[in-house]
Amino acid sequence: MSVDSSTSSDASLSNPNSPFIKTARFMLSAPSIKFCPENDKPEFCLAGRSNVGKSSIVNAITNRKKLAKTSNMPGKTREMNYFLMNESWYLVDLPGYGYAKVSKKEQERWKHALGEYFEKREDIRLVIILVDIRHKPQESDLDFMFWLASNEMPFACVLNKSDKVNKKRIAEAKQELRNEHKAMNVEVPIIVTSAGPGGDISELENLIQSFL
Ligand SMILES: Nc1nc2c(ncn2[C@@H]2O[C@H](COP(=O)(O)OP(=O)(O)OP(=O)(O)O)[C@@H](O)[C@H]2O)c(=O)[nH]1
Ligand SMILES: [Mg+2]
């Protein structure tokens, strides 16, 4: 389980520092679709390559340091981790895709679990794809975006780790993504975050709120 168990049992921890998230609690870790909760609440899922900052976003949005476990070693999150926000919607921290150092067998298991997840979860309100702002979107990102677009799934792109680049690169990275979306014939929100200490995730909070 890739979650801080000391916080996972909190019934609903109040969070006075976040005007958006009043309560947040870890629900469960699902190794495959059959362990996911009932399709009874809207869910927002965090997807993207390993190490891009998906679990860090969970912590930043809930203003908790260790609600989700993060690591500078890619491949940390290996299951679908459900967090219940404001007792009304799920934020789902997914395993990263495109990480070569995990065994072939494990990669195949993730691929299968993620494929089933995106096909069978009925209440996905928005797929939030994180991309490292320092790099061009990789083939695995583009394949995934194309698949979502072809299946008419709502998604948004989040350029994370913005604290590591200058304004010029921010504009450039946004344009790169816009060009890719244009080629796919879709218009997709593109926002910028920093999930590190003292970072800014306000654009993501606003985006989620607009989909709730
Ligand atoms: N500077 C900076 N570091 C970040 C940011 N977001 C995440 N990190 C760091 O990047 C590393 C990976 O973050 P995680 O949140 O574990 O990444 P992940 O996408 O969940 O990775 P997997 O679970 O392996 O798929 C950690 O060392 C984080 O502290 C950010 O916005 N800025
Ligand atoms: Mg993770």
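The values are calculated or read from the model by the stated rules, or taken from the named source; none is laboratory data. The structure presented is a predicted model; accordingly, all values stated were derived computationally and were not measured. Note that we place each Cβ from the backbone using ideal geometry, even for glycine, and neighbour counts take in every protein chain shown. Quick note on the areas: whole protein, heavy atoms, side chains included, nothing else; ligands and nucleic acids left out. Shrake-Rupley method; radii C 1.70, N 1.55, O 1.52, S 1.80 Å.
Tell me, which residue of the stretch 157-175 that is away from ligand 2 (no atom under 16 Å from the Cβ) and crowded, with 17+ Cβ neighbours inside 10 Å is nearest to the chain's Cα centre (by Cα)? Checked the stretch 157-175; the qualifying residue nearest to the chain's Cα centre (by Cα) is Cys157.
Elements of the type helices (runs of 4 or more DSSP H) sitting completely within the stretch 41-150 and holding at least 2 residues that are more than 30 Å from Asn185 (Cβ to Cβ): these cover 54-62, 104-120. Per the conditions (1) touching a Phe, Trp or Tyr at 6+ places or on another chain (Cβ under 7 Å); (2) open to solvent by 70 Å² or more (accessible area, probe 1.4 Å); (3) not hydrophobic (A, V, I, L, M, F, W, C), the sole criterion not satisfied by Arg178 is (1). Scanning the stretch 111-133 for residues that are of a type in the set (D, E, K, R), open to solvent by less than 90 Å² (accessible area, probe 1.4 Å) and out of contact with any Leu (no Cβ under 9 Å at 6 or more places or on another chain) yields Glu116, Arg121, Asp123. Taking the conditions (1) among the charged types (D, E, K, R); (2) more than 6 Å from ligand 1 (Cβ to nearest atom); (3) under 19 Å from Phe155 (Cβ atoms); (4) open to solvent by less than 40 Å² (accessible area, probe 1.4 Å) in turn, Arg64 satisfies each one other than (3).
Could you list all residues from the stretch 69-110 that are more than 10 Å from ligand 1 (Cβ to nearest atom) and either within 15 Å of Ser56 (Cβ to Cβ) or among the β-branched types (Val, Ile, Thr) (or both)? Within the stretch 69-110, Phe83, Leu91, Val92 qualify. Restricting attention to the stretch 22-61, the residues that are surrounded by fewer than 19 Cβ atoms within 10 Å (Cβ to Cβ), farther than 19 Å from Arg125 by Cβ and among the polar types (S, T, N, Q) add up to 2.
Answer yes or no as to whether Val102 is of a type in the set (Val, Ile, Thr), over 30 Å from Ser88 (Cα atoms) and open to solvent by 30 Å² or more (accessible area, probe 1.4 Å). No.
Each residue in the stretch 18-33 was checked for being within 16 Å of the chain's Cα centre (by Cα) and more than 16 Å from Ser88 (Cα to Cα), and 2 of them qualify.
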